[in-house]
Amino acid sequence: MASVIPIVDLEQFNICKEPEDVSDDVQRQLAAQIIDAFSTVGFVGLKNYGIPQEKLAALMTEAKTFFYLPETTKRKYPYRFENQYDRGGWCHLEQEILNYSPRLGDLKETFDVVKDEKVWPDDEVPGFRPAASELCRLCFTLSQRVLLLIGIGLGLEDPSYLKNQHSKDDINHVGTLRCLYYPPIRQDTVIKPGQTRCGEHSDYGFITLIFQDDAGGLELRTRDGEFVPATPMDGVVLVNVGDLMQRWTSDKLVSTIHRVVVPETRLSEERLSVAFFTRPNFDYVIKCLDGSDKYEPITSFEQLTERTLASGLEVHGQ
Ligand SMILES: O=C(O)CCC(=O)C(=O)O
Ligand SMILES: [Fe+2]
């Protein structure tokens, strides 16, 4: 089935280009395409976005090396959510529960890093830190570019307004790079009815970048409630709207439910993806931009804490 996700070619305004060197017309056209996709499907596919594919491939290789380590070694890096400044690490299989119903843990492992990540598996996988740090930097820049286009497309008086609420100084607080590993489904793997690789959910923050390998399985729910595949395409990064962005824009941009299903065939195939999540600075209060009171104001950190707790992960030091 052809993908329902619109593809936008970012070549003329990718992260290698300075905004001042790109005409307003080009910026406005791209912005319109992105707003169109985000206000209908909630996802867009970007090609020629300017992140070298080798950098992504390098991180995927390092991440796999980590996930292939024995469980006892990975347990040295447990997921932690201590406070605003100290989060990250490894979640084991079935630890995170994204599905609302049934409440069953996801068949995935994850490793989260923030920019000034304190805990790295340097002894076992020395290449992971440089590869992840570099991709974090590039993803931050790409996210900023998309936020600028959203600001232009929404016709904000200051088009940089959204992008400036996710500031560079605070990247260590608000940008999270997550490597996701979906192990092969083995003959002795017990899959409970309704259990998936990644449960049905919408993302929490502003926007998410998703880089997937070619295993497939990611699906998004269309407005008529049907799940359709987000088939992997070479050189395409998916960008989707999160709940805070939907809230902020009073539902103009939509945060679409998605999931990763257990494959029906090729069960022995593993899957690896890399996501980069952005949200406003933690103390920023999200109110509807149009001045309406459609949603209660909430701070970025309150919302992250609420959603993290709801997914079954422990949160300390509140
Ligand atoms: O693995 C994927 O492709 C999607 C992961 C995802 O939706 C998430 O981590 O929020
Ligand atoms: Fe997601």
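The values are calculated or read from the model by the stated rules, or taken from the named source; none is laboratory data. Everything numeric here is computed off the predicted structure, so don't read it as measured data. In this analysis, Cβ positions are derived from the backbone assuming ideal geometry, glycine residues included, and neighbour counts consider all displayed protein chains.
Hey, I286 hits all of (1) near ligand 1 (Cβ under 10 Å from one of its atoms); (2) among the aliphatic types (A, V, I, L, M); (3) in contact with a helix residue (DSSP H, G or I) (Cβ under 6 Å, 6 or more places away or on another chain) but one; which does it fall short on?
Against the list (1) near ligand 1 (Cβ under 10 Å from one of its atoms); (2) among the aliphatic types (A, V, I, L, M); (3) in contact with a helix residue (DSSP H, G or I) (Cβ under 6 Å, 6 or more places away or on another chain), I286 comes up short only on (1).
Please name all residue pairs, on different chains or six or more residues apart, with Cβ atoms under 6 Å, provided the first residue is in segment 85-96 and is closer than 23 Å to Q195 by Cβ and the second residue is in a strand (DSSP E or B) and of a type in the set (A, V, I, L, M, F, W, C).
Every condition considered, the pairs that remain are W90/F111.
What are the residues in segment 247-273 that are surrounded by fewer than 22 Cβ atoms within 10 Å (Cβ to Cβ), outside any loop (DSSP other than H, G, I, E, B) and within 15 Å of ligand 1 (Cβ to nearest atom), if any?
R259, L272
Please return the ranges of helices (runs of 4 or more DSSP H) entirely within segment 1-98 where 3 or more residues are surrounded by 14 or more Cβ atoms within 10 Å (Cβ to Cβ). Can you show your working first?
Numbers: elements: 24-40, 53-67, 71-74.
Filter on segment 1-98 gives 24-40, 53-67.
So E134 fits all but one of (1) farther than 30 Å from K47 by Cα; (2) part of a helix (DSSP H, G or I); (3) acidic (D, E); what number is the exception?
With respect to (1) farther than 30 Å from K47 by Cα; (2) part of a helix (DSSP H, G or I); (3) acidic (D, E), E134 is out only on (1).
State yes or no: is V146 buried (at least 18 other Cβ atoms within 10 Å of the Cβ) and within 25 Å of A63 (Cα to Cα)?
no
Would you check if there is a residue in segment 103-123 being part of a helix (DSSP H, G or I) and buried (at least 22 other Cβ atoms within 10 Å of the Cβ)?
Keep residues of segment 103-123 that are part of a helix (DSSP H, G or I), which gives none.
Scanning segment 103-123, I find no residue that is part of a helix (DSSP H, G or I) and buried (at least 22 other Cβ atoms within 10 Å of the Cβ), so the answer is no.
Across segment 284-318, what is the total count of residues that are farther than 23 Å from G105 by Cα and not in a strand (DSSP E or B)?
Going residue by residue through segment 284-318, those that are farther than 23 Å from G105 by Cα are 284-302, 317-318.
Narrowing the set further to residues that are not in a strand (DSSP E or B) leaves 284, 287-297, 300-302, 317-318.
Within segment 284-318, residues that are farther than 23 Å from G105 by Cα and not in a strand (DSSP E or B) number 17.
Select from segment 177-198 the residues that are within 16 Å of ligand 2 (Cβ to nearest atom), of a type outside the set (A, V, I, L, M) and either modelled with pLDDT under 95 or out of contact with any Phe, Trp or Tyr (no Cβ under 6 Å at 6 or more places or on another chain) (or both) and list them in ascending order. Write out each step before concluding.
Initially, segment 177-198 is screened for residues within 16 Å of ligand 2 (Cβ to nearest atom), giving 177-182, 196-198.
Restricting the remaining residues to those that are of a type outside the set (A, V, I, L, M) gives 178-179, 181-182, 196-198.
Scanning segment 177-198 gives R178, Y182, T196, C198.
Only one of (1) at pLDDT below 95; (2) among the hydroxyl-bearing types (S, T, Y); (3) within 16 Å of ligand 2 (Cβ to nearest atom) is not met by S255, so which one is it?
(1)
Identify, from the list V119, V174, the residue that is within 22 Å of I15 (Cα to Cα), at pLDDT below 95, within 21 Å of the chain's Cα centre (by Cα) and among the β-branched types (V, I, T). Can you show your working first?
Details: V119 fails: within 22 Å of I15 (Cα to Cα).
Exactly one of V119, V174 is within 22 Å of I15 (Cα to Cα), at pLDDT below 95, within 21 Å of the chain's Cα centre (by Cα) and among the β-branched types (V, I, T), namely V174.
Among the residues of segment 202-223, is there at least one that is in a loop (DSSP other than H, G, I, E, B) and more than 15 Å from ligand 1 (Cβ to nearest atom)? Walk me through it before giving the result.
Going through segment 202-223, the residues in a loop (DSSP other than H, G, I, E, B) turn out to be 202-206, 213-217, 222-223.
Still in the list and also more than 15 Å from ligand 1 (Cβ to nearest atom): 222-223.
Scanning segment 202-223 turns up at least one residue that is in a loop (DSSP other than H, G, I, E, B) and more than 15 Å from ligand 1 (Cβ to nearest atom).
Write out, first by first residue and then by second, each pair whose Cβ atoms fall under 7 Å of each other, whose residues are 6+ apart or on separate chains, and whose first residue, in segment 285-299, is touching a residue at least 60 places away in the same chain (Cβ under 8 Å) while the second is of a type outside the set (A, V, I, L, M, F, W, C) and loosely packed, with under 11 Cβ neighbours inside 10 Å.
Going by the 7 Å Cβ cut-off, there are no qualifying pairs.
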